[in-house]
Amino acid sequence: MRLLVTGGAGFIGSNFVHHIVEHTDHTVTVLDALTYAGNRASLAGLPSERVRFVRGDITDAALVEELFAGADAVVHYAAESHNDNSLDDPRPFLDTNIIGTYTLLEAARRHGTRFHHISTDEVYGDLELDDPARFTETTPYNPSSPYSSTKAGSDLLVRAWVRSFGVRATISNCSNNYGPYQHVEKFIPRQITNVIRGIRPKLYGAGANVRDWIHADDHSSAVLTILEKGRIGETYLIGADGERSNRDVVELILTLMGQPADAYDHVADRAGHDLRYAIDSSKLRSELGWAPRFGDFEGGLAATIDWYRDNEDWWAPAKDATEAFYAGKGQ
Ligand code: NAD
Ligand code: TDX
């Protein structure tokens, strides 16, 4: 297949491109605007006969039209992805997540292209810490932030284009990813690179908030499974049973990096901070036979710490500006 991967120079998109090159014979065209979050270095070393890079915006209808003409399937990762930025300036989230997804759907409609839309568990809002329930494909949408509301809007556009125009699309909603190539603005890389730099990790509020962690490579294998075997029009939740409180994660990072487990600071909480996410991925596992490979969060985290230690050239250029942004917000 000839795949078009939007956002393929970002964290999860680049992990997916590496996964495709390693596990399939597909060729890939990456369409990425290289915003502050995109990094060509995340695709370094991949064979040029398998991976082509096009710098451009998913809201550019003429470019999108041209690239769809040469694609058998499209996997759509491109997004503004950071909640804290969406609280500061929501506008780019509307442009990319809503108008960008609309632009791609219109091209998929014209070309009849198979389309897979990447989304997040945040569209379902949050759960109480002691709620025995987890999110399923039938949980009502209840997003909290400008980021998650634009992702929810983009999911609903996909569903409408399937029903009204017969677009051959699937959707996946995944929990929090960790692994190599994640921007230092995000929780886990921020704390790892803080420790490397001798800065104390920063925990929002009390740190009781729970996230359901999955390794980015497991997300990639799930997306490939859905692309190959998923039923058109269906939504699949992706998760690896990795619930941990933020406090536990910070303490684990410090311990794995040889520091006292309590050597972190509590900082200002995030406005509207979702309390807990938890994914029930039974549908994907039972209907499509997918299972995660990284069962052990501690092992995956240790490997991620090693990656950031070994790849300071990759993350250092963004570190100071990221910390200056947070310092301005008391975080
Ligand atoms: P990221 O911010 O690391 O990467 C986003 C990429 O999209 C960047 O390379 C950026 O340059 C590109 N991009 C942004 N706007 C663009 C535009 N208008 N046109 C073309 N390219 C553009 O994000 P990520 O964490 O890799 O997330 C990728 C996708 O996965 C997003 O759709 C996100 O909602 C979803 N998701 C992320 C997580 C997570 O834990 N990070 C979990 C579930 C779902
Ligand atoms: O310095 C920090 N300290 C801290 O306590 C940062 C950056 C975050 N946090 C907390 C906030 C969250 O409870 O850690 C948790 C994770 O934060 P983020 O990495 O910002 O992720 P989150 O807001 O949970 O959203 C992520 O998962 C779902 C991705 O960024 C989204 O793109 C995805 O949809």
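Among the conditions (1) surrounded by fewer than 17 Cβ atoms within 10 Å (Cβ to Cβ); (2) assigned to a loop (DSSP other than H, G, I, E, B); (3) charged (D, E, K, R), Asp274 misses just one, which is (1). Just give me the residues in the stretch 56-111 being more than 10 Å from ligand 1 (Cβ to nearest atom), β-branched (Val, Ile, Thr) and over 23 Å from Asn39 (Cβ atoms), in sequence order. Scanning the stretch 56-111 gives a single hit, Ile98. Scanning the stretch 114-138 for residues that are among the hydroxyl-bearing types (Ser, Thr, Tyr) and either over 30 Å from Ile99 (Cβ atoms) or crowded, with 16+ Cβ neighbours inside 10 Å (or both) turns up Ser119, Thr120, Tyr124. Filtering Val64, Val21 for residues that are touching a helix residue (DSSP H, G or I) at 6+ places or on another chain (Cβ under 6 Å), in contact (Cβ under 8 Å) with a residue 24 or more places away in the chain and either farther than 20 Å from Met1 by Cα or not in a strand (DSSP E or B) (or both) leaves a single hit, Val64. Checking the structure you have, find out if any residue of the stretch 171-188 is more than 14 Å from ligand 2 (Cβ to nearest atom) and more than 20 Å from Asp280 (Cβ to Cβ). The answer is yes; a qualifying residue exists. Checking each residue in the stretch 150-177 for being farther than 17 Å from Arg276 by Cα and either at pLDDT below 95 or within 15 Å of the chain's Cα centre (by Cα) (or both) picks out Thr150, Lys151, Ala152, Ser154, Asp155, Ile171, Ser172.
Asp265 - would you say it is exposed (fewer than 15 other Cβ atoms within 10 Å of the Cβ) and within 12 Å of ligand 2 (Cβ to nearest atom)? When the stated conditions are applied, Asp265 passes them. As for the stretch 240-251, it holds at least one residue that is more than 30 Å from Pro140 (Cβ to Cβ) and surrounded by 15 or more Cβ atoms within 10 Å (Cβ to Cβ).
Residues of the stretch 24-51 that are of a type in the set (A, V, I, L, M, F, W, C), more than 22 Å from Asp310 (Cβ to Cβ) and within 11 Å of ligand 1 (Cβ to nearest atom): Val30, Leu31, Ala33, Leu34. Step by step: first the residues of the stretch 24-48, then only those that are in contact (Cβ under 8 Å) with a residue 12 or more places away in the chain and over 23 Å from Trp314 (Cα atoms), then the one that is surrounded by the fewest Cβ atoms within 10 Å (Cβ to Cβ). Which residue is that? Top of the filtered list is Thr24.
Within the stretch 107-155, the set of residues being in a loop (DSSP other than H, G, I, E, B) and within 24 Å of Arg2 (Cβ to Cβ) comprises Gly112, Thr113. Looking only at residues in the stretch 67-104 that are aromatic (Phe, Trp, Tyr) and in a helix (DSSP H, G or I), the one that is nearest to ligand 2 (Cβ to nearest atom) is Phe93. Applying the criterion of being of a type in the set (Ser, Thr, Tyr) and under 22 Å from Gly299 (Cα atoms) to the residues of the stretch 198-240, the residue that is nearest to ligand 1 (Cβ to nearest atom) is Ser220. With respect to being touching a Pro at 6+ places or on another chain (Cβ under 8 Å) and in contact (Cβ under 8 Å) with a residue 60 or more places away in the chain, Glu122 fits the description. With the condition kept exactly as written, say whether any residue in the stretch 154-176 is closer than 30 Å to Leu203 by Cβ and out of contact with any strand residue (DSSP E or B) (no Cβ under 8 Å at 6 or more places or on another chain). The answer is no, given that none of the residues of the stretch 154-176 is closer than 30 Å to Leu203 by Cβ and out of contact with any strand residue (DSSP E or B) (no Cβ under 8 Å at 6 or more places or on another chain).
The values are calculated or read from the model by the stated rules, or taken from the named source; none is laboratory data. Quick caveat: nothing in here was measured; it's all calculated off a predicted structure. We place every Cβ from the backbone using ideal geometry, glycine too, and count neighbours over all the protein chains shown.
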